[in-house]
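One structure below.
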Amino acid sequence: AAEYRKQLKQSDKKLKSAQDKASNTKQQAAKLDQQIKRLKTSLKTAKEKGETTVIVKETPRTNVATTTQRSMPPKEVQNLINKLFTELKEKQSSLSQQSMLITKLYKESAGYRRQINEVEKLQLAMNGPSIEIIDPPLALTRGTPSMLMRSASVSSEIYGKVSAPAGVKSFSFNSRKVFLRPDNSFRIPVNIKQQSTNVKLEAIDKNNKNTILEFVVTSPQENDIKLVKTTKTPLVTQLRGIDIGNYHALIIGNNKYKNLPDLKTAVNDAKETDKVLRSRYGFKTTLLINADRYKILSALHQLRQQLDKNTNLLVYYAGHGDLDKVNDRGYWLPVDADANNTANWISNVAITDIINTLPSKHIMVIADSCYSGTMTRTAVPRIDDLIPAAVKTKWVKLMSKSRSRTVLSSGGVQPVLDEGGGNHSIFANAFISILKNNEDILQGYALYRRVVKDVSVGSANIQTPEYAPIKYAGHETGQFFFVPKS
């Protein structure tokens, strides 16, 4: 896998160089085309008026914004048009060759990604299952990991999920068998009879490989709860003066489909998301409603020209999705998509390739569509409410300096609900509500942890959101942060 990743990195570097070169050639061709049109118009006007000279305006092909003009005989103007036209044809021919190279490099990178994916699947299957605790947060310590319940009640529950590439054979809690839900999630009631309770979770996959997670569950005393509430200092206050960067968002909501069933809530989800991001968090937003394939891809490509390294980008998509089970590839379906023809579909791989070329330091994709979970990879660094404020501050500073490419999807590789949250989908209702009520810096994983609880309960465990780095998009160790306006 390491060798494939090395080759993928080289291929992606060549791809980016080819894309930049093609973009530059396209801009040069556009300028030549405009200049030819201006000259033809000036020549036509001079001939109609019977003038012996033509006023020609010229703009240097540099960044200097100066325009000069001179008089030329019609014959010289025609010769200049012919010369520029020849140059334009050369640019167009070069652009065609560059497009062929880009297509070749896309396929080459996709091939390396498939090979890495196959190797990773084999490695995961060899490593055995994994157990993720979603709520309440699990604090890692130098001794036994511990979990602090949010109240002094003797009864509570643990919510989590088991991942096993080879398939789950069995799962147990303190040696008692537990039946997992269809999405491999679990809710385990815990009775704290003493000051603390030992918990042992064990997952066994179909290759008979097992994973054991042991921790201690404690319930705080009432005085401890009051102390935590009164001494908590918001991160947004502690981090004033730190430049996290400007925030941008591309928000897409598709309801009206030409050849697929219409959706009911996607447009409303997108509009409300646009509103809350602008008003509560100061995002500069681009809102696309009922967008076709060209509009979506054009908007994504324009971001390459508009954004720099000191920016944060959120891409929100609500609409139809589909899954190619043969290639294990998810798709966004624009409004011009056909049910049985992938020509106008947008694959997660294409989205990932574009994201990989964007300069922004932090990028988060929020996908509320069927099969959006195929973009995700593995777990991410996170910090929970039990960590001291000083450690939190250092952690946020560190994460804000590292690149991140993460995705919060409304479900794994299973269908998701279009309704259930009033005028919104269940997922969008939870996501928007959390952002509206948040008053502190909100990290991506904390957002996920809150969303997943609301969505899984609201959908009767039909869908479970997922959160992870985007595969092959250049993720390092960073996090996406939502910072409310002061």
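Below, the figures for the structure above:
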item	result
Residue ID - farthest from Lys436 (Cα to Cα), chosen from residues in the range 241-260 that are surrounded by fewer than 15 Cβ atoms within 10 Å (Cβ to Cβ) and touching a residue at least 40 places away in the same chain (Cβ under 8 Å)	Asn259
In the range 419-468, the residues that are at pLDDT below 80, of a type in the set (Val, Ile, Thr) and surrounded by 19 or more Cβ atoms within 10 Å (Cβ to Cβ)	Thr464
Any hit, the range 29-52, residues being outside any helix (DSSP H, G or I), farther than 23 Å from Ser96 by Cβ and of a type in the set (A, V, I, L, M)	no
Residue that is surrounded by the most Cβ atoms within 10 Å (Cβ to Cβ) [pool: residues in the range 281-334 that are among the hydroxyl-bearing types (Ser, Thr, Tyr) and in contact with an Asp or Glu (Cβ under 6 Å, 6 or more places away or on another chain)]	Tyr331
Filter result for Lys232 (under 30 Å from Val335 (Cα atoms), at pLDDT below 90 and surrounded by fewer than 19 Cβ atoms within 10 Å (Cβ to Cβ))	no
Ser130 being over 32 Å from the mean Cα position of the chain (by Cα) and either crowded, with 17+ Cβ neighbours inside 10 Å or at pLDDT 75 or above (or both)	no
Which listed residue, of Leu8, Leu105, Leu43, Leu15, is farther than 24 Å from Leu300 by Cβ, among the hydrophobic types (A, V, I, L, M, F, W, C) and open to solvent by less than 70 Å² (accessible area, probe 1.4 Å)	Leu43
Checking Asn82 against (1) at pLDDT 90 or above; (2) more than 40 Å from the chain's Cα centre (by Cα); (3) open to solvent by 80 Å² or more (accessible area, probe 1.4 Å), the condition it does not meet	(3)
Residue, modelled with the highest pLDDT, within the range 316-369, restricted to residues that are in a helix (DSSP H, G or I) and farther than 17 Å from Pro469 by Cβ	Asn344
Thr265 being open to solvent by less than 10 Å² (accessible area, probe 1.4 Å) and either of a type in the set (S, T, N, Q) or at pLDDT 95 or above (or both)	yes
Selection within the range 149-179 - at pLDDT below 90, touching a strand residue (DSSP E or B) at 6+ places or on another chain (Cβ under 7 Å) and over 12 Å from Lys206 (Cβ atoms)	Met149, Val154, Ser155, Ser156, Glu157, Ile158, Tyr159, Gly160, Lys161, Val162, Ser163
Residue check, Gly412 at pLDDT below 70, in contact with a strand residue (DSSP E or B) (Cβ under 6 Å, 6 or more places away or on another chain) and assigned to a helix (DSSP H, G or I)	no
When residues of the range 164-179 are limited to those that are over 17 Å from Asn208 (Cβ atoms) and assigned to a loop (DSSP other than H, G, I, E, B), the one most open to solvent (accessible area, probe 1.4 Å)	Phe179
Condition met for Leu277 (modelled with pLDDT of 90 or more and over 19 Å from Pro334 (Cα atoms))	yes
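Condition check ((1) of a type in the set (Val, Ile, Thr); (2) open to solvent by 70 Å² or more (accessible area, probe 1.4 Å); (3) within 43 Å of the chain's Cα centre (by Cα)) across all residues:
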position	(1), (2), (3)
Lys49	no, yes, no
Pro73	no, no, no
Leu101	no, yes, yes
Gln115	no, yes, yes
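The values are calculated or read from the model by the stated rules, or taken from the named source; none is laboratory data. These numbers come from a predicted model, not from an experiment. Because the Cβ atoms are built from the backbone with ideal geometry, glycine has one as well, and the counts that use them run over all protein chains shown. Heavy atoms of the whole protein, side chains included, go into the accessibility calculation; ligands, DNA and RNA do not. Shrake-Rupley method; radii C 1.70, N 1.55, O 1.52, S 1.80 Å.
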